[in-house]
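Peer 1: Okay, here's the structure, questions in a sec.
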Amino acid sequence: MSRIALYRVLAVAIPAALIEAACRAGWIDRQTLPAPSEMIAGLAAILASGRMNGAILETLKIVLAAFAGSVVIGVAAGAVIHRAPVARRLLEPLLSTWYAVPVYAFYPLFIVMFGLGDRPEMLIGLMLGVVAVIAATLNGLDSVPPVLVKTAQVFRLGPMRTALRVTLPYAAPHLFTGIKLAVAYSFIGVIGAEFIMSQSGLGYEIRYAFDNLDNAVMYPLILLILAVAVAVNATLDAWDRALRARRGATS
Amino acid sequence: MASGPASASAHVRLDGVTRVYSGKGGGVHALGPVDLELRAGEFFAVVGPSGCGKSTLLEMIAGLAPPTEGQVQFEGKAIGGAVPDGVGVVFQENACFPWLTVAENIVFGLKRQSVAGDEVQRRLQYALQLMGLEDFSKAYPAQLSGGMRQRVCIARTLVTQPRLILLDEPFGALDQQTRLLMGDELLRLWRATGATVLLITHALDEAALLADRVAVMSARPGRILEVIETGWDRERDSRIVSDPAFGAVTGRLWSLLRDQSLSALHP
(Lines give C-alpha, C1' and ligand atoms only; values in the text may rest on other atoms or scores of the structure.)
Protein backbone atom coordinates (compact mmCIF):
# COMPACT_ATOMS: atom_id res chain seq x y z
CA MET A 1 0.00 0.00 0.00
CA SER A 2 1.40 3.39 -0.91
CA ARG A 3 2.13 5.88 1.86
CA ILE A 4 -0.66 8.22 0.74
CA ALA A 5 -3.21 5.38 0.69
CA LEU A 6 -2.13 4.42 4.18
CA TYR A 7 -2.67 8.00 5.38
CA ARG A 8 -6.12 8.00 3.81
CA VAL A 9 -7.10 4.84 5.66
CA LEU A 10 -5.70 6.25 8.90
CA ALA A 11 -7.63 9.50 8.43
CA VAL A 12 -10.83 7.46 8.66
CA ALA A 13 -9.66 4.73 11.06
CA ILE A 14 -8.19 6.95 13.79
CA PRO A 15 -11.33 9.11 14.37
CA ALA A 16 -13.47 5.96 14.19
CA ALA A 17 -11.27 4.29 16.81
CA LEU A 18 -11.45 7.39 19.04
CA ILE A 19 -15.26 7.42 18.82
CA GLU A 20 -15.31 3.70 19.53
CA ALA A 21 -13.18 4.21 22.63
CA ALA A 22 -15.28 7.19 23.79
CA CYS A 23 -18.51 5.17 23.39
CA ARG A 24 -17.14 2.18 25.26
CA ALA A 25 -15.81 4.37 28.06
CA GLY A 26 -19.27 5.86 28.40
CA TRP A 27 -18.17 9.41 27.49
CA ILE A 28 -20.70 9.41 24.66
CA ASP A 29 -24.27 8.45 25.48
CA ARG A 30 -25.43 5.37 23.51
CA GLN A 31 -28.78 7.08 22.86
CA THR A 32 -26.87 9.85 21.05
CA LEU A 33 -24.33 7.77 19.15
CA PRO A 34 -23.76 4.02 19.27
CA ALA A 35 -20.20 2.71 18.88
CA PRO A 36 -19.04 2.32 15.23
CA SER A 37 -18.61 -1.42 15.77
CA GLU A 38 -22.29 -1.64 16.80
CA MET A 39 -23.28 0.27 13.66
CA ILE A 40 -21.36 -2.16 11.47
CA ALA A 41 -22.79 -5.16 13.30
CA GLY A 42 -26.27 -3.64 13.02
CA LEU A 43 -25.82 -3.04 9.30
CA ALA A 44 -24.63 -6.62 8.79
CA ALA A 45 -27.70 -7.88 10.67
CA ILE A 46 -30.09 -5.68 8.66
CA LEU A 47 -28.54 -6.79 5.37
CA ALA A 48 -28.58 -10.45 6.46
CA SER A 49 -32.23 -10.29 7.52
CA GLY A 50 -33.18 -8.76 4.16
CA ARG A 51 -35.90 -6.65 5.73
CA MET A 52 -34.51 -3.43 4.18
CA ASN A 53 -33.92 -4.95 0.73
CA GLY A 54 -37.14 -3.47 -0.59
CA ALA A 55 -36.25 0.03 0.64
CA ILE A 56 -32.67 -0.23 -0.66
CA LEU A 57 -33.79 -1.39 -4.11
CA GLU A 58 -36.50 1.25 -4.23
CA THR A 59 -34.03 4.06 -3.49
CA LEU A 60 -31.34 2.76 -5.85
CA LYS A 61 -33.93 2.42 -8.61
CA ILE A 62 -35.05 6.04 -8.24
CA VAL A 63 -31.47 7.30 -7.93
CA LEU A 64 -30.56 5.40 -11.09
CA ALA A 65 -33.53 6.91 -12.94
CA ALA A 66 -32.62 10.44 -11.78
CA PHE A 67 -28.97 9.88 -12.72
CA ALA A 68 -29.72 8.39 -16.15
CA GLY A 69 -32.17 11.19 -16.86
CA SER A 70 -29.61 13.80 -15.78
CA VAL A 71 -26.95 12.38 -18.10
CA VAL A 72 -29.13 11.82 -21.18
CA ILE A 73 -31.04 15.10 -20.92
CA GLY A 74 -27.95 17.02 -19.75
CA VAL A 75 -25.65 15.90 -22.58
CA ALA A 76 -28.33 16.38 -25.24
CA ALA A 77 -29.34 19.80 -23.90
CA GLY A 78 -25.69 20.83 -23.53
CA ALA A 79 -24.93 19.83 -27.13
CA VAL A 80 -27.97 21.72 -28.44
CA ILE A 81 -27.28 24.85 -26.36
CA HIS A 82 -23.65 24.79 -27.52
CA ARG A 83 -24.80 25.06 -31.12
CA ALA A 84 -27.21 27.93 -30.38
CA PRO A 85 -25.22 30.96 -29.17
CA VAL A 86 -28.35 33.06 -28.54
CA ALA A 87 -29.97 30.37 -26.38
CA ARG A 88 -26.69 30.00 -24.58
CA ARG A 89 -26.46 33.70 -23.76
CA LEU A 90 -30.03 33.57 -22.46
CA LEU A 91 -29.55 30.43 -20.37
CA GLU A 92 -26.03 30.88 -19.01
CA PRO A 93 -26.98 33.17 -16.08
CA LEU A 94 -29.74 30.74 -15.19
CA LEU A 95 -27.36 27.78 -15.26
CA SER A 96 -24.70 29.51 -13.18
CA THR A 97 -27.16 30.57 -10.45
CA TRP A 98 -29.12 27.31 -10.52
CA TYR A 99 -27.52 25.88 -7.41
CA ALA A 100 -28.56 28.95 -5.43
CA VAL A 101 -32.15 27.71 -5.79
CA PRO A 102 -33.33 25.44 -2.96
CA VAL A 103 -34.75 22.78 -5.24
CA TYR A 104 -36.67 21.15 -2.37
CA ALA A 105 -38.95 24.21 -2.38
CA PHE A 106 -40.52 22.64 -5.49
CA TYR A 107 -41.09 19.29 -3.79
CA PRO A 108 -44.60 20.10 -2.48
CA LEU A 109 -45.53 21.28 -5.98
CA PHE A 110 -44.28 18.04 -7.50
CA ILE A 111 -46.24 16.03 -4.94
CA VAL A 112 -49.37 17.98 -5.84
CA MET A 113 -48.70 17.36 -9.54
CA PHE A 114 -47.64 13.70 -9.43
CA GLY A 115 -48.78 12.42 -6.05
CA LEU A 116 -46.59 11.00 -3.30
CA GLY A 117 -44.28 8.39 -4.83
CA ASP A 118 -41.31 7.79 -7.11
CA ARG A 119 -41.83 10.60 -9.57
CA PRO A 120 -41.50 13.68 -7.34
CA GLU A 121 -38.38 12.16 -5.73
CA MET A 122 -36.90 11.35 -9.13
CA LEU A 123 -37.64 14.89 -10.33
CA ILE A 124 -35.80 16.44 -7.39
CA GLY A 125 -32.74 14.26 -8.14
CA LEU A 126 -33.01 15.12 -11.82
CA MET A 127 -33.28 18.86 -11.19
CA LEU A 128 -30.14 18.75 -9.07
CA GLY A 129 -28.17 16.50 -11.42
CA VAL A 130 -29.06 17.71 -14.89
CA VAL A 131 -27.59 21.20 -14.59
CA ALA A 132 -24.18 19.86 -13.55
CA VAL A 133 -24.18 17.69 -16.68
CA ILE A 134 -25.27 20.59 -18.93
CA ALA A 135 -22.50 22.82 -17.52
CA ALA A 136 -19.90 20.06 -17.91
CA THR A 137 -21.04 19.38 -21.49
CA LEU A 138 -20.73 23.06 -22.41
CA ASN A 139 -17.27 23.24 -20.83
CA GLY A 140 -16.19 20.11 -22.64
CA LEU A 141 -17.48 21.23 -26.02
CA ASP A 142 -15.78 24.62 -25.55
CA SER A 143 -12.48 22.78 -25.12
CA VAL A 144 -12.67 20.97 -28.48
CA PRO A 145 -9.89 22.30 -30.77
CA PRO A 146 -11.35 23.83 -33.96
CA VAL A 147 -9.03 21.65 -36.05
CA LEU A 148 -10.91 18.52 -34.91
CA VAL A 149 -14.21 20.03 -36.02
CA LYS A 150 -12.63 20.89 -39.38
CA THR A 151 -11.36 17.32 -39.58
CA ALA A 152 -14.91 16.07 -39.07
CA GLN A 153 -16.03 18.35 -41.92
CA VAL A 154 -13.28 16.99 -44.16
CA PHE A 155 -14.58 13.48 -43.45
CA ARG A 156 -18.02 14.81 -44.35
CA LEU A 157 -19.70 14.08 -41.01
CA GLY A 158 -23.04 15.79 -40.34
CA PRO A 159 -23.77 17.63 -37.07
CA MET A 160 -25.08 14.50 -35.31
CA ARG A 161 -22.15 12.29 -36.28
CA THR A 162 -19.70 15.10 -35.50
CA ALA A 163 -21.15 15.29 -31.99
CA LEU A 164 -21.20 11.52 -31.42
CA ARG A 165 -17.88 10.65 -33.05
CA VAL A 166 -15.71 13.74 -32.49
CA THR A 167 -16.78 16.50 -30.13
CA LEU A 168 -18.43 14.47 -27.34
CA PRO A 169 -15.64 11.87 -27.23
CA TYR A 170 -13.11 14.70 -27.06
CA ALA A 171 -15.13 16.30 -24.26
CA ALA A 172 -15.41 12.98 -22.37
CA PRO A 173 -13.12 13.91 -19.45
CA HIS A 174 -15.21 17.05 -18.84
CA LEU A 175 -18.43 15.04 -19.19
CA PHE A 176 -17.09 12.63 -16.63
CA THR A 177 -16.79 15.43 -14.09
CA GLY A 178 -20.45 16.23 -14.70
CA ILE A 179 -21.41 12.57 -14.48
CA LYS A 180 -19.72 12.19 -11.09
CA LEU A 181 -21.57 15.26 -9.83
CA ALA A 182 -24.83 13.87 -11.23
CA VAL A 183 -24.35 10.65 -9.24
CA ALA A 184 -23.83 12.64 -6.06
CA TYR A 185 -26.72 15.01 -6.71
CA SER A 186 -29.07 12.14 -7.59
CA PHE A 187 -28.37 10.49 -4.23
CA ILE A 188 -28.74 13.78 -2.37
CA GLY A 189 -31.95 14.72 -4.16
CA VAL A 190 -33.69 11.38 -3.90
CA ILE A 191 -32.74 10.50 -0.34
CA GLY A 192 -33.45 14.04 0.80
CA ALA A 193 -36.91 13.92 -0.76
CA GLU A 194 -37.60 10.52 0.81
CA PHE A 195 -36.49 11.92 4.12
CA ILE A 196 -38.79 14.95 3.91
CA MET A 197 -41.94 13.20 2.79
CA SER A 198 -42.49 9.73 1.33
CA GLN A 199 -43.83 6.28 2.11
CA SER A 200 -40.83 4.11 1.27
CA GLY A 201 -37.12 4.05 0.50
CA LEU A 202 -33.93 4.43 2.52
CA GLY A 203 -34.55 8.08 3.37
CA TYR A 204 -38.00 7.19 4.63
CA GLU A 205 -36.62 4.32 6.77
CA ILE A 206 -34.03 6.62 8.35
CA ARG A 207 -36.70 9.20 9.07
CA TYR A 208 -39.00 6.51 10.52
CA ALA A 209 -36.22 5.17 12.74
CA PHE A 210 -35.40 8.70 13.85
CA ASP A 211 -39.03 9.41 14.79
CA ASN A 212 -39.05 6.20 16.87
CA LEU A 213 -35.65 6.79 18.48
CA ASP A 214 -34.54 3.51 16.85
CA ASN A 215 -30.73 4.00 16.75
CA ALA A 216 -30.22 0.32 15.95
CA VAL A 217 -31.73 1.00 12.51
CA MET A 218 -30.98 4.68 11.90
CA TYR A 219 -27.19 4.63 12.24
CA PRO A 220 -26.59 1.46 10.23
CA LEU A 221 -28.68 2.90 7.39
CA ILE A 222 -26.75 6.18 7.46
CA LEU A 223 -23.58 4.10 7.31
CA LEU A 224 -25.01 2.18 4.35
CA ILE A 225 -25.71 5.37 2.41
CA LEU A 226 -22.20 6.63 3.11
CA ALA A 227 -20.68 3.35 1.99
CA VAL A 228 -22.70 3.21 -1.24
CA ALA A 229 -21.92 6.85 -2.15
CA VAL A 230 -18.19 6.41 -1.46
CA ALA A 231 -18.04 3.12 -3.37
CA VAL A 232 -19.82 4.52 -6.44
CA ASN A 233 -17.66 7.63 -6.48
CA ALA A 234 -14.42 5.70 -6.00
CA THR A 235 -15.33 3.38 -8.88
CA LEU A 236 -16.06 6.31 -11.18
CA ASP A 237 -12.84 8.02 -10.08
CA ALA A 238 -10.75 4.97 -10.90
CA TRP A 239 -12.40 4.66 -14.31
CA ASP A 240 -11.89 8.36 -14.97
CA ARG A 241 -8.20 8.15 -14.08
CA ALA A 242 -7.68 5.14 -16.33
CA LEU A 243 -9.28 6.96 -19.28
CA ARG A 244 -7.28 10.14 -18.67
CA ALA A 245 -4.00 8.26 -18.35
CA ARG A 246 -4.57 6.65 -21.74
CA ARG A 247 -5.17 10.00 -23.41
CA GLY A 248 -2.17 11.54 -21.72
CA ALA A 249 -1.57 15.25 -21.53
CA THR A 250 -2.36 16.11 -25.15
CA SER A 251 -4.39 19.17 -25.83
CA MET B 1 15.21 17.47 -66.35
CA ALA B 2 11.65 16.76 -67.41
CA SER B 3 9.01 19.42 -66.97
CA GLY B 4 5.79 18.97 -64.94
CA PRO B 5 3.12 16.33 -65.50
CA ALA B 6 2.02 15.81 -69.07
CA SER B 7 -1.75 15.89 -68.43
CA ALA B 8 -2.54 19.59 -68.23
CA SER B 9 -6.28 19.33 -67.49
CA ALA B 10 -7.38 21.60 -64.66
CA HIS B 11 -8.11 19.48 -61.58
CA VAL B 12 -8.83 22.52 -59.45
CA ARG B 13 -9.77 25.91 -60.84
CA LEU B 14 -10.11 29.22 -59.01
CA ASP B 15 -11.80 32.17 -60.72
CA GLY B 16 -11.62 35.57 -59.07
CA VAL B 17 -11.67 34.02 -55.60
CA THR B 18 -11.84 36.71 -52.91
CA ARG B 19 -12.29 36.53 -49.18
CA VAL B 20 -13.35 39.41 -46.96
CA TYR B 21 -13.81 38.85 -43.26
CA SER B 22 -16.72 40.97 -42.12
CA GLY B 23 -16.33 42.94 -38.95
CA LYS B 24 -16.81 46.32 -37.39
CA GLY B 25 -15.53 49.14 -39.60
CA GLY B 26 -15.95 47.46 -42.97
CA GLY B 27 -14.17 44.16 -42.58
CA VAL B 28 -10.76 42.84 -43.58
CA HIS B 29 -9.89 42.05 -47.16
CA ALA B 30 -7.87 38.89 -46.55
CA LEU B 31 -7.36 37.43 -49.99
CA GLY B 32 -7.71 37.84 -53.69
CA PRO B 33 -8.83 38.07 -56.30
CA VAL B 34 -6.99 34.82 -57.08
CA ASP B 35 -7.07 32.96 -60.40
CA LEU B 36 -5.32 29.61 -60.36
CA GLU B 37 -5.35 26.20 -62.02
CA LEU B 38 -3.95 23.01 -60.54
CA ARG B 39 -3.18 20.28 -63.07
CA ALA B 40 -4.24 16.73 -62.27
CA GLY B 41 -1.44 14.84 -60.55
CA GLU B 42 0.93 17.75 -59.98
CA PHE B 43 2.62 18.77 -56.75
CA PHE B 44 1.79 22.44 -56.25
CA ALA B 45 3.09 24.65 -53.46
CA VAL B 46 1.96 28.07 -52.28
CA VAL B 47 4.39 30.30 -50.38
CA GLY B 48 3.76 33.73 -48.99
CA PRO B 49 4.48 36.03 -46.07
CA SER B 50 2.68 35.35 -42.81
CA GLY B 51 -0.89 36.62 -42.75
CA CYS B 52 -1.23 36.70 -46.53
CA GLY B 53 -4.23 34.39 -46.53
CA LYS B 54 -2.53 31.10 -47.51
CA SER B 55 -4.60 29.06 -45.07
CA THR B 56 -7.76 30.90 -46.11
CA LEU B 57 -6.98 29.91 -49.70
CA LEU B 58 -6.68 26.27 -48.66
CA GLU B 59 -9.93 26.37 -46.67
CA MET B 60 -11.80 27.70 -49.69
CA ILE B 61 -10.33 25.05 -52.00
CA ALA B 62 -11.29 22.41 -49.41
CA GLY B 63 -14.84 23.71 -49.18
CA LEU B 64 -14.40 24.49 -45.47
CA ALA B 65 -15.11 28.19 -46.04
CA PRO B 66 -16.99 29.84 -48.90
CA PRO B 67 -15.33 32.58 -50.98
CA THR B 68 -16.85 36.04 -50.60
CA GLU B 69 -16.64 36.41 -54.37
CA GLY B 70 -15.57 34.14 -57.19
CA GLN B 71 -15.75 30.38 -57.57
CA VAL B 72 -13.71 27.28 -56.83
CA GLN B 73 -14.16 24.25 -59.07
CA PHE B 74 -12.99 20.73 -58.27
CA GLU B 75 -13.10 18.22 -61.14
CA GLY B 76 -15.31 20.58 -63.09
CA LYS B 77 -17.91 21.09 -60.35
CA ALA B 78 -18.31 24.23 -58.29
CA ILE B 79 -17.63 23.66 -54.59
CA GLY B 80 -20.69 24.50 -52.50
CA GLY B 81 -20.90 24.72 -48.74
CA ALA B 82 -19.27 21.36 -48.01
CA VAL B 83 -16.05 19.42 -48.55
CA PRO B 84 -16.39 17.47 -51.83
CA ASP B 85 -15.80 13.73 -52.03
CA GLY B 86 -12.21 12.93 -53.02
CA VAL B 87 -10.55 15.74 -51.06
CA GLY B 88 -8.26 15.09 -48.08
CA VAL B 89 -6.78 17.74 -45.79
CA VAL B 90 -3.83 17.62 -43.39
CA PHE B 91 -3.66 20.54 -40.98
CA GLN B 92 -0.71 22.13 -39.20
CA GLU B 93 -2.08 21.51 -35.71
CA ASN B 94 -2.23 18.10 -34.12
CA ALA B 95 -5.54 16.77 -35.43
CA CYS B 96 -5.25 13.22 -34.04
CA PHE B 97 -8.19 12.02 -31.97
CA PRO B 98 -6.61 11.49 -28.53
CA TRP B 99 -9.14 8.86 -27.41
CA LEU B 100 -8.41 6.55 -30.37
CA THR B 101 -5.37 4.37 -31.04
CA VAL B 102 -3.17 5.03 -34.07
CA ALA B 103 -4.96 2.30 -36.05
CA GLU B 104 -8.41 3.59 -35.03
CA ASN B 105 -7.37 7.13 -35.99
CA ILE B 106 -6.20 5.99 -39.40
CA VAL B 107 -9.40 4.13 -40.33
CA PHE B 108 -11.65 6.87 -38.91
CA GLY B 109 -12.67 8.26 -42.30
CA LEU B 110 -13.44 4.82 -43.76
CA LYS B 111 -16.43 4.21 -41.49
CA ARG B 112 -18.45 6.76 -43.45
CA GLN B 113 -17.49 5.24 -46.77
CA SER B 114 -18.83 1.72 -47.35
CA VAL B 115 -15.46 -0.03 -47.49
CA ALA B 116 -15.41 -3.77 -46.76
CA GLY B 117 -13.66 -4.98 -43.60
CA ASP B 118 -10.74 -6.77 -45.27
CA GLU B 119 -10.19 -3.81 -47.59
CA VAL B 120 -10.07 -1.53 -44.52
CA GLN B 121 -7.41 -3.81 -43.05
CA ARG B 122 -5.44 -3.85 -46.30
CA ARG B 123 -5.41 -0.06 -46.55
CA LEU B 124 -4.56 0.27 -42.85
CA GLN B 125 -1.56 -2.05 -43.17
CA TYR B 126 -0.41 -0.24 -46.31
CA ALA B 127 -0.66 3.19 -44.64
CA LEU B 128 1.04 1.97 -41.45
CA GLN B 129 3.89 0.58 -43.50
CA LEU B 130 4.20 3.61 -45.81
CA MET B 131 4.31 5.98 -42.83
CA GLY B 132 6.59 3.76 -40.71
CA LEU B 133 3.99 3.30 -37.99
CA GLU B 134 3.74 -0.52 -37.94
CA ASP B 135 5.03 -0.79 -34.37
CA PHE B 136 2.67 1.88 -33.06
CA SER B 137 -0.74 0.80 -34.34
CA LYS B 138 -2.02 0.18 -30.79
CA ALA B 139 -0.39 3.28 -29.27
CA TYR B 140 -2.34 6.40 -28.35
CA PRO B 141 -1.38 9.78 -29.85
CA ALA B 142 -0.21 11.03 -26.44
CA GLN B 143 2.56 8.44 -26.58
CA LEU B 144 3.90 9.69 -29.94
CA SER B 145 6.20 12.53 -30.98
CA GLY B 146 4.86 15.49 -32.96
CA GLY B 147 6.29 14.13 -36.21
CA MET B 148 4.68 10.74 -35.69
CA ARG B 149 1.31 12.30 -34.89
CA GLN B 150 1.51 14.22 -38.13
CA ARG B 151 2.25 10.94 -39.92
CA VAL B 152 -0.88 9.48 -38.33
CA CYS B 153 -2.88 12.39 -39.75
CA ILE B 154 -1.33 11.92 -43.19
CA ALA B 155 -2.08 8.18 -43.03
CA ARG B 156 -5.66 8.94 -42.00
CA THR B 157 -6.05 11.10 -45.09
CA LEU B 158 -4.24 8.63 -47.32
CA VAL B 159 -6.50 5.62 -46.62
CA THR B 160 -9.55 7.48 -47.94
CA GLN B 161 -7.69 7.59 -51.29
CA PRO B 162 -8.28 11.28 -52.01
CA ARG B 163 -7.68 12.56 -55.52
CA LEU B 164 -6.71 15.96 -54.13
CA ILE B 165 -4.59 16.25 -50.99
CA LEU B 166 -4.40 19.66 -49.30
CA LEU B 167 -1.60 20.22 -46.80
CA ASP B 168 -1.68 23.31 -44.58
CA GLU B 169 1.88 23.75 -43.28
CA PRO B 170 1.87 20.12 -42.17
CA PHE B 171 5.48 20.21 -40.96
CA GLY B 172 5.31 23.67 -39.41
CA ALA B 173 5.75 22.35 -35.88
CA LEU B 174 8.62 19.97 -36.68
CA ASP B 175 12.40 20.41 -36.55
CA GLN B 176 14.38 20.91 -39.77
CA GLN B 177 15.78 17.36 -40.13
CA THR B 178 12.36 15.82 -39.53
CA ARG B 179 10.87 18.21 -42.08
CA LEU B 180 13.33 17.10 -44.78
CA LEU B 181 12.63 13.42 -44.10
CA MET B 182 8.86 13.99 -43.96
CA GLY B 183 9.24 15.80 -47.27
CA ASP B 184 10.79 12.66 -48.77
CA GLU B 185 7.90 10.60 -47.44
CA LEU B 186 5.47 13.06 -48.93
CA LEU B 187 7.15 12.74 -52.34
CA ARG B 188 6.99 8.93 -52.17
CA LEU B 189 3.35 9.11 -51.16
CA TRP B 190 2.57 11.54 -53.97
CA ARG B 191 4.17 9.23 -56.54
CA ALA B 192 2.46 6.16 -55.07
CA THR B 193 -1.05 7.66 -55.06
CA GLY B 194 -1.00 9.79 -58.20
CA ALA B 195 -3.06 12.39 -56.34
CA THR B 196 -2.85 16.12 -56.93
CA VAL B 197 -1.11 17.74 -53.98
CA LEU B 198 -1.43 21.34 -52.81
CA LEU B 199 1.08 22.31 -50.13
CA ILE B 200 0.77 25.56 -48.20
CA THR B 201 4.02 26.57 -46.53
CA HIS B 202 6.02 29.54 -45.35
CA ALA B 203 9.28 27.65 -45.91
CA LEU B 204 10.82 28.54 -49.29
CA ASP B 205 13.19 25.56 -49.31
CA GLU B 206 10.34 23.18 -48.60
CA ALA B 207 8.34 24.57 -51.52
CA ALA B 208 11.38 24.60 -53.82
CA LEU B 209 12.27 21.02 -52.90
CA LEU B 210 8.87 19.36 -53.08
CA ALA B 211 6.80 21.09 -55.75
CA ASP B 212 6.52 20.95 -59.53
CA ARG B 213 5.24 24.51 -59.45
CA VAL B 214 5.35 27.13 -56.72
CA ALA B 215 2.94 30.06 -56.47
CA VAL B 216 4.30 33.11 -54.66
CA MET B 217 1.71 35.20 -52.84
CA SER B 218 1.80 38.88 -51.95
CA ALA B 219 1.28 40.36 -48.50
CA ARG B 220 -2.36 40.87 -47.46
CA PRO B 221 -4.64 40.98 -49.32
CA GLY B 222 -2.96 37.90 -50.79
CA ARG B 223 -2.68 37.69 -54.56
CA ILE B 224 -0.63 35.33 -56.74
CA LEU B 225 2.48 37.29 -57.84
CA GLU B 226 4.00 34.59 -59.98
CA VAL B 227 3.97 30.83 -60.54
CA ILE B 228 7.43 29.29 -60.89
CA GLU B 229 8.17 25.92 -62.53
CA THR B 230 10.88 24.08 -60.62
CA GLY B 231 11.50 21.53 -63.38
CA TRP B 232 12.40 18.59 -61.09
CA ASP B 233 12.11 14.94 -62.12
CA ARG B 234 9.11 13.10 -60.71
CA GLU B 235 11.62 10.72 -59.08
CA ARG B 236 13.23 13.17 -56.66
CA ASP B 237 14.12 13.42 -53.00
CA SER B 238 15.69 15.76 -50.46
CA ARG B 239 19.16 15.30 -52.00
CA ILE B 240 18.04 18.01 -54.44
CA VAL B 241 19.17 20.54 -51.83
CA SER B 242 22.78 20.07 -52.98
CA ASP B 243 21.85 20.66 -56.65
CA PRO B 244 22.84 24.15 -57.86
CA ALA B 245 19.42 24.44 -59.53
CA PHE B 246 17.81 24.18 -56.07
CA GLY B 247 19.70 27.28 -54.96
CA ALA B 248 18.56 29.08 -58.09
CA VAL B 249 14.88 28.24 -57.47
CA THR B 250 15.08 29.19 -53.79
CA GLY B 251 16.87 32.40 -54.71
CA ARG B 252 14.21 33.29 -57.26
CA LEU B 253 11.45 32.67 -54.67
CA TRP B 254 13.21 34.82 -52.10
CA SER B 255 13.77 37.72 -54.48
CA LEU B 256 10.02 37.70 -55.19
CA LEU B 257 9.09 37.36 -51.54
CA ARG B 258 11.57 39.66 -49.84
CA ASP B 259 9.70 42.90 -50.41
CA GLN B 260 6.38 41.22 -49.55
CA SER B 261 7.74 39.85 -46.31
CA LEU B 262 9.15 43.24 -45.41
CA SER B 263 5.81 44.91 -45.99
CA ALA B 264 4.13 42.22 -43.88
CA LEU B 265 6.65 42.93 -41.13
CA HIS B 266 6.31 46.73 -41.31
CA PRO B 267 2.81 47.39 -42.61
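Peer 1: Would you mind finding the one in A:VAL190, A:VAL217, A:VAL166 that is within 30 Å of B:GLU104 (Cα to Cα) and buried (at least 17 other Cβ atoms within 10 Å of the Cβ)?
Peer 2: After ruling out the rest, the residue left standing is A:VAL166.
Peer 1: So, restricting to helices (runs of 4 or more DSSP H) that lie completely within the stretch A:112-222, which ones have at least 1 residues that are out of contact with any helix residue (DSSP H, G or I) (no Cβ under 6 Å at 6 or more places or on another chain), among the small types (Gly, Ala, Ser) and within 14 Å of chain B (Cβ to nearest Cβ)?
Peer 2: It comes to A:168-196.
Peer 1: Mind telling me which of the residues B:GLU75, B:GLU42 ends up being touching a Pro at 6+ places or on another chain (Cβ under 7 Å) and of a type outside the set (Ser, Thr, Tyr)?
Peer 2: One residue alone meets the criteria, B:GLU42.
Peer 1: In the list A:VAL130, A:VAL71, A:VAL63, which residue meets the criterion of being in contact with a Leu (Cβ under 9 Å, 6 or more places away or on another chain) and touching a residue at least 24 places away in the same chain (Cβ under 8 Å)?
Peer 2: A:VAL71
Peer 1: Additional query: Filter the stretch B:191-203 for residues that are surrounded by fewer than 21 Cβ atoms within 10 Å (Cβ to Cβ) and outside any loop (DSSP other than H, G, I, E, B) and give the result.
Peer 2: Those that are surrounded by fewer than 21 Cβ atoms within 10 Å (Cβ to Cβ) and outside any loop (DSSP other than H, G, I, E, B): B:ARG191, B:ALA192, B:THR193.
Peer 1: Limited to the stretch B:86-106, what total is found for residues that are modelled with pLDDT of 90 or more, among the acidic types (Asp, Glu) and either part of a loop (DSSP other than H, G, I, E, B) or assigned by TED's automatic domain parsing to the domain that holds B:GLU59 (or both)?
Peer 2: The qualifying residues number 0.
Peer 1: So A:THR137 ticks every box in (1) under 28 Å from A:MET160 (Cβ atoms); (2) surrounded by fewer than 20 Cβ atoms within 10 Å (Cβ to Cβ) but one. Which box is left unticked?
Peer 2: Of the numbered conditions (1) under 28 Å from A:MET160 (Cβ atoms); (2) surrounded by fewer than 20 Cβ atoms within 10 Å (Cβ to Cβ), the odd one out for A:THR137 is (2).
Peer 1: Could you please let me know if A:LEU94 is closer than 17 Å to A:ALA171 by Cβ, out of contact with any strand residue (DSSP E or B) (no Cβ under 7 Å at 6 or more places or on another chain) and either within 14 Å of chain B (Cβ to nearest Cβ) or of a type in the set (A, V, I, L, M) (or both)?
Peer 2: In short, no.
Peer 1: Restricting attention to the stretch B:216-250, which residues are more than 22 Å from B:GLU42 (Cα to Cα) and not in a strand (DSSP E or B)?
Peer 2: Within the stretch B:216-250, B:SER218, B:ALA219, B:ARG220, B:PRO221, B:SER242, B:PRO244 qualify.
Peer 1: Out of the stretch B:43-62, which residues are within 14 Å of chain A (Cβ to nearest Cβ) and in contact with a strand residue (DSSP E or B) (Cβ under 7 Å, 6 or more places away or on another chain)?
Peer 2: Within the stretch B:43-62, B:SER55, B:THR56, B:LEU58, B:MET60, B:ILE61, B:ALA62 qualify.
Peer 1: While we're looking at this one, here's another question. Going through B:ALA40, B:ALA10 one at a time, which residue ends up being more than 14 Å from chain A (Cβ to nearest Cβ) and in contact with an Asp or Glu (Cβ under 7 Å, 6 or more places away or on another chain)?
Peer 2: B:ALA10
Peer 1: Among the residues of the stretch A:98-111, which ones are under 15 Å from A:VAL190 (Cα atoms) and not in a helix (DSSP H, G or I)?
Peer 2: A:PRO102
Peer 1: Please determine, by comparing only the residues of the stretch B:155-176 that are modelled with pLDDT under 90 and outside any loop (DSSP other than H, G, I, E, B), which one is nearest to B:LEU58 (Cα to Cα).
Peer 2: If we take residues in the stretch B:155-176 being modelled with pLDDT under 90 and outside any loop (DSSP other than H, G, I, E, B), then B:LEU158 is nearest to B:LEU58 (Cα to Cα).
Peer 1: Oh, and also: Scan the stretch B:76-104 residue by residue and report those that are in contact with a helix residue (DSSP H, G or I) (Cβ under 9 Å, 6 or more places away or on another chain), under 25 Å from B:GLU134 (Cα atoms) and more than 10 Å from chain A (Cβ to nearest Cβ).
Peer 2: B:VAL102, B:ALA103
Residue-by-condition table, conditions (1) assigned to a helix (DSSP H, G or I); (2) modelled with pLDDT of 90 or more:
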{"site": "A:ILE19", "(1), (2)": "yes, yes"}
{"site": "A:GLY26", "(1), (2)": "no, no"}
{"site": "A:GLN31", "(1), (2)": "no, no"}
{"site": "A:GLY54", "(1), (2)": "yes, yes"}
{"site": "A:VAL80", "(1), (2)": "yes, yes"}
{"site": "A:SER96", "(1), (2)": "yes, no"}
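Peer 1: Given the criteria of a type outside the set (D, E, K, R), within 12 Å of chain A (Cβ to nearest Cβ) and touching a helix residue (DSSP H, G or I) at 6+ places or on another chain (Cβ under 8 Å), does B:VAL107 qualify?
Peer 2: Yes, satisfied.
Peer 1: Which residue, of A:SER49, A:SER37, is small (Gly, Ala, Ser), in contact with a helix residue (DSSP H, G or I) (Cβ under 7 Å, 6 or more places away or on another chain) and over 26 Å from A:ALA184 (Cα atoms)?
Peer 2: From the options A:SER49, A:SER37, the qualifying one is A:SER37.
Peer 1: If you don't mind, another one. Working only within the stretch A:97-123, note down all residues that are of a type in the set (Ser, Thr, Tyr) and in contact (Cβ under 8 Å) with a residue 12 or more places away in the chain.
Peer 2: A:TYR99, A:TYR104, A:TYR107, listed by residue number.
The values are calculated or read from the model by the stated rules, or taken from the named source; none is laboratory data. Here the structure is a predicted model, which is why all the values come from computation and not from measurement. When we count neighbours, we look across all protein chains shown, and the Cβ atoms used for this are built from the backbone with ideal geometry, even at glycine.
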